[in-house]
1. Taking Thr28 as the residue in question, decide whether it is hydroxyl-bearing (Ser, Thr, Tyr) and open to solvent by less than 50 Å² (accessible area, probe 1.4 Å).
2. Show the residue pairs meeting these rules: Cβ distance below 8 Å; 6+ apart or different chains; first residue within segment 36-61 and farther than 15 Å from Ser17 by Cα; second residue of a type in the set (Gly, Ala, Ser) and modelled with pLDDT under 90.
3. Do you know which residues across segment 29-67 are in a loop (DSSP other than H, G, I, E, B), of a type in the set (Ser, Thr, Tyr) and within 13 Å of the chain's Cα centre (by Cα)?
4. When you scan segment 1-25, how many residues do you find that are aromatic (Phe, Trp, Tyr) and at pLDDT 95 or above?
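The values are calculated or read from the model by the stated rules, or taken from the named source; none is laboratory data. On a predicted model such as this, the values are computed, not experimentally measured, just so you know. No Cβ is skipped: glycine too gets one built from the backbone with ideal geometry, and neighbour counts run over all protein chains shown. SASA here: full protein model, heavy atoms, side chains in, ligands and nucleic acids out. Shrake-Rupley method; radii C 1.70, N 1.55, O 1.52, S 1.80 Å.
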Amino acid sequence: MELMQLEMFVAVVEERSFRRAAGRVFRTQPAVSIGLQKLEARIGIPLLDRSPRRSGQLTPAGEVFYE
């Protein structure tokens, strides 16, 4: 787990947008998405719901992780 991945996660949660979060952490949107996928793989649980209607919303585990 890298500090940048945690910063990306917090940015997505607070900005409620992968695009705006990317601007906030000075990365591209694909880089943020990949970073979060690696974070989720590392901890073994999905943190964000990526379904089309709920894209970027926290899962229950994501809510606990964010806290």
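1. no
2. The qualifying pairs do not exist here.
3. As a first pass, look at segment 29-67 and keep what is in a loop (DSSP other than H, G, I, E, B): 44-47, 50-56, 59, 67.
Those left that are additionally of a type in the set (Ser, Thr, Tyr): 51, 55, 59.
Listed by number, the residues that qualify are Ser55, Thr59.
4. Here the count works out to 1.
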